Amino acid sequence: MHIVTVLWLKSLEVFSNVPDGQLQWFIDHSDDQRLGDGEYLTEPGDPIKGPHVLVEGKLSLHMFQNGSKREFVMFTKGDISGYLPYSRGKISGGYAQAIGEVQLLSFRTEKMQEMIKDHFELTQSLVHVMNNRVREFTAMQQQNEKMMALGKLSAGLAHELNNPASAIVRDSISLKEHLRLGPQVFKKVVGITIKEEQIDKLNEVLFRIIGVKEQPLLSLKQRMVLEDEIADWFEEKNVENSYTIAENFVDFNFSVADLEACAEPIAEYLSPVFNWISNLLVTERMVEDIQESSKRIADLVNSVKTFTHMDRGMEKEYADIHIGIRNTLTMLGYKIKKGNITVVEDYDETLPQVKGMIGELNQVWTNLIDNAIDAMEPNLKGTLTLKTEKDREFVNVSIIDDGPGIPADVLSSIFDPFFTTKPMGKGTGMGLEVVQRIIHQHNGNVKVKSVPGRTEFTVCFPLEN
């Protein structure tokens with residue numbers, strides 16, 4: 001058994017500047033309390049007593065959320081737990097459990113008002129503990145929610161990145177194999193004699209056709225008809241591999257008229273030249289595919305960088321709010337497609353740039369949009385509407401879903417810490433609490449209106465923070 005003395009209390013940083021007389025008063029009005037391994041100091045619903053100074057052992061503060069244990073803090077020797085001066089929390093919401101044998105110096109809570117009235121330095125030291133505890137808990141929860149927000153995006157991002165990455169690998173292998181066929185085609189082309197002006201005219205026609213950026217999309221039926229027309233034209237002109245190469249010309253929307261234009265300057269060498277052109281078209285298509293896939297990966301990586309604002313500090317700065325919202329939609333794109341959700345974007349593009357912590361605001365959009373997607377899941381489809389508008393010196397951002405709505409009996413609790421209606425493993429109950437905290441940091445507010453078939457979260461904060 002450890003005997004608690006004034007000297008021992010003064011060895012703790014929190015009490016180092018408290019007068020000896022006040023510390024002795026604290027000891028005189030405290031009880032020595034022992035807990036065996038696994039015993040509970042408090043359970044949910046118990047009145048919070050103390051403060052308790054942990055003399056020996058460890059104390060775990062945890063909750064059970066959707067059947068899963070979640071530890072928030074581990075108190076060790078010299079730490080202070082329990083009720084503190086001016087604390088608004090009166091009833092325990094979790095468990096404080098002994099890890100091993102525990103000894104506590106437990107202050108008699110009924111003496112708290114006397115402490116506040118007569119022992120200023122002692123009260124001040126304990127208030128400092130409470131402030132630090134709130135600050136650390138808030139920072140921990142905000143960081144946890146950041147990781148949760150990124151975790152929500154990771155599966156979709158992996159899928160979105162895997163598709164273009166696989167396409168690059170696939171196309172690069174095909175391109176390598178295709179280029180090995182080049183010498184055979186080149187051998188046939190090099191054997192023909194063709195004038196420079198003929199080549200120039202052919203190149204002019206080719207680049208005019210290939211250079212069309214907005215190619216019309218053909219239906220399957222239209223494509224099959226065009227392939228047959230081109231293959232028949234090649235057959236008629238005795239071009240080798242007519243049906244094989246016809247597909248490549250259709251990919252670039254060549255018509256029979258285009259083939260006639262290409263054939264005019266090289267009429268006597270149609271077969272080798274058209275097979276050579278087909279070879280070029282295949283190469284061109286593969287390079288375009290690789291370029292498009294690479295751009296897709298670059299855009300996704302840029303969205304991640306912009307979303308997390310990893311290259312910026314925590315200072316407020318000016319930015320277009322729509323960039324963050326659109327990046328969030330990009331990051332959640334896989335989940336949106338999987339949920340068969342239609343996105344309606346109704347933005348006021350004349351909105352000036354807003355001043356805020358952009359990475360934190362992106363966390364708000366992620367939580368609200370992700371919640372809306374989850375809410376529409378039972379319907380197997382849905383419409384997500386995103387709206388921005390200016391209201392005098394404020395900006396309003398609305399996230400609207402057509403899911404079943406939030407039950408009226410829980411609507412008032414949705415911003416409470418740890419409250420969640422999601423099944424185990426799908427939510428921490430901190431998402432909306434963090435949303436509210438971040439918007440309060442921006443001197444704004446979050447409101448919700450919900451009826452079956454329409455739930456609307458509206459975030460409102462000043463353009464200038």
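The values are calculated or read from the model by the stated rules, or taken from the named source; none is laboratory data. The model shown is predicted, which means the values in this text are computed figures rather than measured ones. Backbone-built Cβ (ideal geometry, glycine too); neighbour counts: all protein chains shown.
A few points about this structure:
- Among residues of the range 315-342 being among the basic types (K, R) and in contact with a Lys or Arg (Cβ under 9 Å, 6 or more places away or on another chain), the one that is modelled with the lowest pLDDT is K316.
- Test set (1) farther than 26 Å from R437 by Cα; (2) surrounded by fewer than 19 Cβ atoms within 10 Å (Cβ to Cβ); (3) at pLDDT 85 or above; (4) not hydrophobic (A, V, I, L, M, F, W, C) - E345 fails condition number: (1)
To keep it simple, each residue is scored yes or no on (1) in the same structural domain as A372 (by TED's automatic domain parsing); (2) of a type in the set (S, T, N, Q); (3) over 20 Å from the mean Cα position of the chain (by Cα); (4) at pLDDT below 90.
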residue	(1), (2), (3), (4)
I399	yes, no, no, no
D409	yes, no, yes, yes
M430	yes, no, no, yes
R437	yes, no, no, yes
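- Pair list, Cβ under 6 Å, 6 or more apart: the range 280-305 residue closer than 16 Å to L329 by Cα and assigned to a helix (DSSP H, G or I), other residue of a type in the set (D, E) and at pLDDT below 80: L300/E160
- Test: K387 is surrounded by fewer than 20 Cβ atoms within 10 Å (Cβ to Cβ), more than 18 Å from the chain's Cα centre (by Cα) and at pLDDT 95 or above: yes
- Residue check for T76: in the same structural domain as I116 (by TED's automatic domain parsing), within 46 Å of the chain's Cα centre (by Cα) and crowded, with 18+ Cβ neighbours inside 10 Å: no
- Of all residues in the range 339-376 being among the β-branched types (V, I, T) and assigned to a helix (DSSP H, G or I), the one that is nearest to N327 (Cα to Cα): T366
- Criterion (charged (D, E, K, R), closer than 22 Å to D118 by Cβ and in contact (Cβ under 8 Å) with a residue 12 or more places away in the chain) met by exactly one of K10, K90: K10
- Within the range 319-335, considering residues that are outside any loop (DSSP other than H, G, I, E, B) and of a type in the set (A, V, I, L, M), the one nearest to L161 (Cα to Cα): M331
- Cross-chain or 6+ apart pairs with Cβ under 6 Å, the range 105-122 first and farther than 24 Å from T76 by Cβ and without any contact (Cβ under 8 Å) to a residue 60 or more places away in the chain, then among the polar types (S, T, N, Q) and in a helix (DSSP H, G or I): I116/T123
- Where L61 falls short, out of the listed (1) touching a residue at least 60 places away in the same chain (Cβ under 8 Å); (2) surrounded by 13 or more Cβ atoms within 10 Å (Cβ to Cβ): (1)
- Filter pass, E264 being surrounded by fewer than 15 Cβ atoms within 10 Å (Cβ to Cβ), touching a residue at least 60 places away in the same chain (Cβ under 8 Å) and either of a type in the set (V, I, T) or part of a helix (DSSP H, G or I) (or both): yes
- Screening the range 350-370 for residues that are surrounded by fewer than 18 Cβ atoms within 10 Å (Cβ to Cβ) and either at pLDDT 90 or above or of a type in the set (S, T, Y) (or both) and picking the one that is farthest from N445 (Cα to Cα) gives T350.
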